[in-house]
Amino acid sequence: MDIIGESVILAYADDIVVLGKTKEEIIQTTEKLVKKSKSMGLCINENKTKYMLMSRNNQNTNDLLISSMKFEAEVNERIMSGNRCYYSIVKILKSKLLSRTSKILLYHSYLRPIVTYACETWSITKGDERKLIIFERKVLRNIYGPRFNQETNTYERRTNDELQKLYKRPNILAFIRNKRLEWFGHTWRADGLLIKKVLVEKINKTRPLGRPRTRWIDVITRDLKEIGQNVTFELTYNRERWRDLLKAAMVLNGPVS
(Lines give C-alpha, C1' and ligand atoms only; values in the text may rest on other atoms or scores of the structure.)
Protein backbone atom coordinates (compact mmCIF):
# COMPACT_ATOMS: atom_id res chain seq x y z
CA MET A 1 0.00 0.00 0.00
CA ASP A 2 1.24 3.49 -0.86
CA ILE A 3 -0.18 6.89 0.05
CA ILE A 4 0.17 9.92 -2.24
CA GLY A 5 -1.36 13.02 -0.65
CA GLU A 6 -4.94 12.07 0.26
CA SER A 7 -5.04 9.21 -2.26
CA VAL A 8 -4.27 5.57 -1.52
CA ILE A 9 -2.86 2.97 -3.90
CA LEU A 10 -3.47 -0.72 -3.18
CA ALA A 11 -1.49 -3.14 -5.34
CA TYR A 12 -1.10 -6.89 -5.60
CA ALA A 13 0.95 -8.23 -8.54
CA ASP A 14 -0.48 -6.45 -11.62
CA ASP A 15 -3.82 -5.52 -9.98
CA ILE A 16 -3.94 -1.93 -8.72
CA VAL A 17 -6.68 0.05 -6.96
CA VAL A 18 -6.47 3.85 -6.66
CA LEU A 19 -8.64 5.42 -3.92
CA GLY A 20 -9.33 9.11 -3.43
CA LYS A 21 -11.79 11.48 -1.79
CA THR A 22 -12.49 13.39 -5.01
CA LYS A 23 -12.46 12.74 -8.74
CA GLU A 24 -9.63 15.26 -9.12
CA GLU A 25 -7.48 13.31 -6.65
CA ILE A 26 -8.05 10.11 -8.59
CA ILE A 27 -7.05 11.80 -11.86
CA GLN A 28 -3.87 13.34 -10.41
CA THR A 29 -2.76 10.12 -8.73
CA THR A 30 -3.50 8.00 -11.80
CA GLU A 31 -1.61 10.40 -14.06
CA LYS A 32 1.43 9.99 -11.81
CA LEU A 33 1.00 6.23 -11.89
CA VAL A 34 0.78 6.22 -15.69
CA LYS A 35 3.92 8.35 -15.99
CA LYS A 36 5.93 6.17 -13.59
CA SER A 37 4.69 2.99 -15.26
CA LYS A 38 5.81 4.15 -18.70
CA SER A 39 9.33 4.81 -17.40
CA MET A 40 9.50 1.10 -16.48
CA GLY A 41 8.02 -0.09 -19.76
CA LEU A 42 4.56 -0.80 -18.30
CA CYS A 43 1.17 0.44 -19.50
CA ILE A 44 -2.42 0.44 -18.26
CA ASN A 45 -4.97 -1.73 -20.05
CA GLU A 46 -7.72 0.77 -20.72
CA ASN A 47 -10.30 -1.90 -21.62
CA LYS A 48 -9.84 -3.72 -18.29
CA THR A 49 -9.82 -0.60 -16.10
CA LYS A 50 -13.00 0.65 -14.41
CA TYR A 51 -13.88 3.34 -11.92
CA MET A 52 -16.50 3.34 -9.18
CA LEU A 53 -18.12 6.33 -7.48
CA MET A 54 -18.91 5.84 -3.78
CA SER A 55 -20.49 9.03 -2.47
CA ARG A 56 -23.74 10.25 -0.93
CA ASN A 57 -23.33 13.62 -2.60
CA ASN A 58 -24.39 14.56 -6.12
CA GLN A 59 -21.08 14.50 -7.96
CA ASN A 60 -20.05 14.55 -11.60
CA THR A 61 -20.64 10.98 -12.80
CA ASN A 62 -19.33 11.51 -16.33
CA ASP A 63 -16.63 9.27 -17.74
CA LEU A 64 -13.16 9.57 -16.22
CA LEU A 65 -10.64 11.11 -18.65
CA ILE A 66 -6.94 10.62 -17.94
CA SER A 67 -4.40 11.59 -20.59
CA SER A 68 -5.71 9.97 -23.80
CA MET A 69 -7.61 7.26 -21.92
CA LYS A 70 -11.31 7.15 -21.10
CA PHE A 71 -12.73 5.08 -18.23
CA GLU A 72 -16.47 4.54 -17.94
CA ALA A 73 -18.84 3.39 -15.25
CA GLU A 74 -18.97 -0.41 -15.08
CA VAL A 75 -22.45 -1.25 -16.41
CA ASN A 76 -22.40 1.40 -19.15
CA GLU A 77 -18.97 0.21 -20.28
CA ARG A 78 -20.12 -3.41 -20.44
CA ILE A 79 -23.18 -2.48 -22.52
CA MET A 80 -21.04 -0.42 -24.89
CA SER A 81 -18.67 -3.36 -25.30
CA GLY A 82 -21.66 -5.59 -25.90
CA ASN A 83 -22.99 -3.22 -28.57
CA ARG A 84 -19.65 -3.25 -30.38
CA CYS A 85 -19.74 -7.04 -30.39
CA TYR A 86 -23.42 -7.07 -31.38
CA TYR A 87 -22.90 -4.91 -34.46
CA SER A 88 -19.98 -7.09 -35.54
CA ILE A 89 -22.25 -10.17 -35.70
CA VAL A 90 -25.65 -8.60 -36.43
CA LYS A 91 -25.67 -9.99 -39.99
CA ILE A 92 -25.25 -13.49 -38.57
CA LEU A 93 -28.11 -12.93 -36.11
CA LYS A 94 -30.38 -11.85 -38.97
CA SER A 95 -29.25 -14.55 -41.39
CA LYS A 96 -31.82 -17.17 -42.45
CA LEU A 97 -29.02 -19.66 -43.07
CA LEU A 98 -28.47 -20.14 -39.34
CA SER A 99 -31.05 -21.73 -37.04
CA ARG A 100 -32.50 -19.85 -34.08
CA THR A 101 -31.01 -22.43 -31.75
CA SER A 102 -27.53 -21.70 -33.09
CA LYS A 103 -28.12 -17.96 -32.79
CA ILE A 104 -29.19 -18.31 -29.14
CA LEU A 105 -26.09 -20.39 -28.49
CA LEU A 106 -24.01 -17.62 -30.07
CA TYR A 107 -25.67 -15.06 -27.80
CA HIS A 108 -25.11 -17.14 -24.64
CA SER A 109 -21.53 -18.15 -25.37
CA TYR A 110 -20.17 -15.03 -27.07
CA LEU A 111 -22.30 -11.93 -26.65
CA ARG A 112 -23.88 -12.14 -23.19
CA PRO A 113 -20.58 -12.93 -21.36
CA ILE A 114 -19.17 -9.64 -22.66
CA VAL A 115 -22.08 -7.65 -21.22
CA THR A 116 -22.21 -9.49 -17.89
CA TYR A 117 -18.47 -9.73 -17.21
CA ALA A 118 -17.91 -9.36 -13.43
CA CYS A 119 -21.67 -8.93 -12.86
CA GLU A 120 -21.26 -10.90 -9.61
CA THR A 121 -20.09 -7.69 -7.92
CA TRP A 122 -22.75 -5.36 -9.30
CA SER A 123 -25.26 -3.56 -7.15
CA ILE A 124 -27.13 -2.10 -10.07
CA THR A 125 -29.85 0.54 -10.23
CA LYS A 126 -33.27 0.41 -11.85
CA GLY A 127 -31.82 2.41 -14.74
CA ASP A 128 -29.07 -0.18 -15.20
CA GLU A 129 -31.64 -2.98 -15.19
CA ARG A 130 -33.62 -1.22 -17.92
CA LYS A 131 -30.52 -0.77 -20.10
CA LEU A 132 -29.56 -4.42 -19.74
CA ILE A 133 -33.01 -5.81 -20.56
CA ILE A 134 -33.33 -3.44 -23.54
CA PHE A 135 -30.01 -4.71 -24.85
CA GLU A 136 -31.13 -8.34 -24.59
CA ARG A 137 -34.46 -7.66 -26.26
CA LYS A 138 -32.67 -5.93 -29.13
CA VAL A 139 -30.62 -9.07 -29.68
CA LEU A 140 -33.65 -11.38 -29.42
CA ARG A 141 -35.67 -9.30 -31.89
CA ASN A 142 -32.95 -9.81 -34.47
CA ILE A 143 -32.79 -13.53 -33.71
CA TYR A 144 -36.55 -14.18 -33.92
CA GLY A 145 -37.37 -11.47 -36.43
CA PRO A 146 -40.75 -9.74 -36.85
CA ARG A 147 -44.04 -11.64 -36.87
CA PHE A 148 -46.32 -11.75 -39.88
CA ASN A 149 -49.84 -10.41 -39.40
CA GLN A 150 -52.10 -12.34 -41.78
CA GLU A 151 -54.99 -9.90 -41.33
CA THR A 152 -53.04 -6.84 -42.45
CA ASN A 153 -50.57 -8.82 -44.58
CA THR A 154 -47.67 -6.96 -42.95
CA TYR A 155 -44.73 -7.73 -40.67
CA GLU A 156 -44.97 -6.38 -37.13
CA ARG A 157 -42.51 -5.86 -34.30
CA ARG A 158 -42.78 -8.55 -31.63
CA THR A 159 -43.90 -7.49 -28.16
CA ASN A 160 -41.76 -8.12 -25.08
CA ASP A 161 -44.09 -10.92 -23.93
CA GLU A 162 -43.90 -12.61 -27.32
CA LEU A 163 -40.10 -12.51 -27.22
CA GLN A 164 -39.99 -14.10 -23.77
CA LYS A 165 -42.39 -16.87 -24.81
CA LEU A 166 -40.19 -17.66 -27.80
CA TYR A 167 -36.97 -17.40 -25.80
CA LYS A 168 -38.21 -19.71 -23.00
CA ARG A 169 -35.10 -19.05 -20.90
CA PRO A 170 -34.26 -16.84 -17.91
CA ASN A 171 -33.64 -13.27 -19.02
CA ILE A 172 -30.38 -11.43 -18.49
CA LEU A 173 -31.53 -9.98 -15.14
CA ALA A 174 -32.23 -13.44 -13.74
CA PHE A 175 -28.86 -14.59 -15.07
CA ILE A 176 -27.11 -11.75 -13.21
CA ARG A 177 -29.01 -12.58 -10.00
CA ASN A 178 -27.87 -16.19 -10.28
CA LYS A 179 -24.21 -15.23 -10.78
CA ARG A 180 -24.36 -12.78 -7.87
CA LEU A 181 -25.81 -15.36 -5.48
CA GLU A 182 -23.27 -17.91 -6.68
CA TRP A 183 -20.44 -15.51 -5.79
CA PHE A 184 -22.09 -14.66 -2.48
CA GLY A 185 -22.06 -18.34 -1.56
CA HIS A 186 -18.29 -18.43 -2.08
CA THR A 187 -17.69 -15.29 -0.01
CA TRP A 188 -19.99 -16.26 2.88
CA ARG A 189 -18.34 -19.66 3.23
CA ALA A 190 -14.89 -18.03 3.37
CA ASP A 191 -14.79 -17.92 7.19
CA GLY A 192 -11.70 -16.23 8.59
CA LEU A 193 -10.60 -14.86 5.21
CA LEU A 194 -10.34 -11.20 4.24
CA ILE A 195 -13.00 -11.46 1.56
CA LYS A 196 -15.69 -12.21 4.15
CA LYS A 197 -14.36 -9.67 6.67
CA VAL A 198 -14.78 -6.94 4.06
CA LEU A 199 -18.38 -8.06 3.62
CA VAL A 200 -19.44 -8.25 7.27
CA GLU A 201 -17.24 -5.79 9.19
CA LYS A 202 -18.56 -2.29 9.90
CA ILE A 203 -16.71 1.01 10.06
CA ASN A 204 -16.74 2.45 13.57
CA LYS A 205 -18.07 5.88 12.61
CA THR A 206 -21.33 7.80 12.84
CA ARG A 207 -23.58 7.36 9.82
CA PRO A 208 -24.37 10.62 7.99
CA LEU A 209 -27.91 11.95 7.65
CA GLY A 210 -30.15 10.77 4.86
CA ARG A 211 -31.01 7.42 3.35
CA PRO A 212 -27.99 5.09 3.14
CA ARG A 213 -26.77 3.92 -0.23
CA THR A 214 -27.81 0.44 -1.31
CA ARG A 215 -25.03 -2.02 -0.51
CA TRP A 216 -24.23 -5.22 -2.37
CA ILE A 217 -25.24 -7.24 0.70
CA ASP A 218 -28.62 -5.43 0.72
CA VAL A 219 -29.27 -6.55 -2.84
CA ILE A 220 -28.36 -10.12 -1.88
CA THR A 221 -30.87 -9.96 0.98
CA ARG A 222 -33.63 -8.85 -1.40
CA ASP A 223 -32.69 -11.54 -3.88
CA LEU A 224 -33.09 -14.22 -1.21
CA LYS A 225 -36.45 -12.83 -0.05
CA GLU A 226 -37.76 -13.07 -3.61
CA ILE A 227 -36.86 -16.77 -3.62
CA GLY A 228 -38.33 -17.56 -0.19
CA GLN A 229 -39.02 -15.87 3.14
CA ASN A 230 -37.18 -18.54 5.13
CA VAL A 231 -33.94 -18.44 3.11
CA THR A 232 -30.98 -17.27 5.21
CA PHE A 233 -27.26 -16.68 4.63
CA GLU A 234 -26.44 -19.85 6.57
CA LEU A 235 -27.93 -21.93 3.78
CA THR A 236 -24.69 -21.30 1.84
CA TYR A 237 -22.95 -23.92 4.00
CA ASN A 238 -25.25 -26.59 2.59
CA ARG A 239 -23.82 -26.73 -0.92
CA GLU A 240 -26.49 -29.05 -2.31
CA ARG A 241 -29.38 -26.90 -1.11
CA TRP A 242 -27.55 -23.75 -2.22
CA ARG A 243 -27.27 -25.17 -5.74
CA ASP A 244 -31.02 -25.76 -5.70
CA LEU A 245 -31.49 -22.15 -4.62
CA LEU A 246 -29.39 -20.93 -7.56
CA LYS A 247 -31.66 -22.87 -9.90
CA ALA A 248 -34.67 -21.19 -8.28
CA ALA A 249 -33.04 -17.78 -8.80
CA MET A 250 -32.80 -18.45 -12.54
CA VAL A 251 -36.53 -19.16 -12.72
CA LEU A 252 -37.38 -15.70 -11.36
CA ASN A 253 -37.58 -13.42 -14.37
CA GLY A 254 -38.30 -10.28 -12.40
CA PRO A 255 -35.98 -7.34 -11.63
CA VAL A 256 -32.57 -8.00 -10.14
CA SER A 257 -32.99 -5.51 -7.31
* Could you tell me which helices of the chain pass both thresholds, a Cα extent of 20 Å or more along their own axis and a mean Kyte-Doolittle hydropathy of at least -0.5, with helices taken as whole DSSP H runs? => 74-94, 172-188
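To the nearest 20 Debye, how big is the dipole of region 151-223 about its Cα centre, given +1 on the beta carbon of each Lys and Arg and -1 on that of each Asp and Glu? Write down the numbers at each step before the final one.
Values: 18 positive and 9 negative charges, 105 e Å.
Computed about the Cα centre, the dipole is about 500 debye.
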* Pairwise FRET efficiency - Leu53 versus Cys85, Cβ, R0 = 35 Å, nearest 0.05 -> 0.85
* Residue with peak Gaussian network fluctuation, the chain [Cα springs, cutoff 10 Å], from Phe135, Phe233, Phe148 -> Phe148
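Structure shown: which of Lys138/Lys202; Lys96/Lys168; Lys50/Lys202; Lys91/Lys225; Lys48/Lys205 lie over 30 Å apart, alpha-carbon to alpha-carbon?
Details: Lys138/Lys202 42 Å; Lys96/Lys168 21 Å; Lys50/Lys202 25 Å; Lys91/Lys225 41 Å; Lys48/Lys205 33 Å.
Among Lys138/Lys202; Lys96/Lys168; Lys50/Lys202; Lys91/Lys225; Lys48/Lys205, the Cα-Cα distance tops 30 Å for Lys138/Lys202; Lys91/Lys225; Lys48/Lys205.
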* Asked: Treating the beta-carbon of each Lys and Arg as +1 and of each Asp and Glu as -1, no other charges, what is the dipole magnitude of region 107-257 about its Cα centre, to the nearest 20 debye?
  -> 360
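What does the charge dipole of the chain about its Cα centre add up to, to the nearest 20 debye, if the Cβ of each Lys and Arg holds +1 and the Cβ of each Asp and Glu holds -1?
Numbers: 48 positive and 29 negative charges, 145 e Å.
Here the size comes out at about 700 debye.
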* To do: Please tell me the relative contact order of the chain in percent, rounded to the nearest whole number, where contacts are Cα pairs under 8 Å and at least six residues apart.
  => 15
* Asked: Rounded to the nearest 5, what is the percent of antiparallel bridges among the DSSP beta bridges in the chain?
  -> 95
* Structure fact -> Residue span Thr214 to Asp15: 0.36 nm per residue of separation minus Cα-Cα distance leaves a gain in nm of 69.0 nm
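Trypsin sites (Lys or Arg not before Pro) within region 148-211: which are DSSP loop residues with at most 15 other Cβ atoms inside 10 Å? All intermediate terms of the calculation are to be shown ahead of the outcome.
Details: sites: Arg157, Arg158, Lys165, Lys168, Arg177, Lys179, Arg180, Arg189, Lys196, Lys197, Lys202, Lys205; in loops: Arg157, Arg158, Lys168, Arg189, Lys202, Lys205.
Filter output for region 148-211: Arg157, Lys168, Arg189, Lys202, Lys205.
With the Cα gyration tensor of the chain in hand, convert its eigenvalues to equivalent ellipsoid semi-axes via √(5λ) and list them largest first in whole Å. Intermediate results must be reported in sequence, preceding the final value.
Working: eigenvalues 271, 141, 59 Å².
Value: 37, 27, 17 Å, ordered largest first.
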* Structure fact -> With -39,500 (n - 2.57) per DSSP H segment of 4 or more residues and division by the full residue count of the chain, the 222 nm estimate, nearest 500 deg cm²/dmol, is -15500 deg cm²/dmol
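Could you state the accessible area per residue of the chain in Å², with a 1.4 Å probe and every protein chain left in place? Write out the running numbers ahead of the final one.
On the way: 17310 Å² over 257 residues.
It amounts to 67 Å² per residue over the chain.
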* **Label-point gap, in nm, between His186 and Arg207 - each point 7 angstrom along Cα→Cβ** => 3.0
* Segment Ile227-Glu240, extension gain: residue separation times 0.36 nm, minus the distance between their alpha carbons -> 3.1 nm
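The values are calculated or read from the model by the stated rules, or taken from the named source; none is laboratory data. From a predicted model like this one, the values you see are computed outputs, not experimental measurements. With ideal geometry, Cβ positions are generated from the backbone for all residues, glycine too; neighbour counts draw on all protein chains shown. Quick note on the areas: whole protein, heavy atoms, side chains included, nothing else; ligands and nucleic acids left out. Shrake-Rupley method; radii C 1.70, N 1.55, O 1.52, S 1.80 Å.
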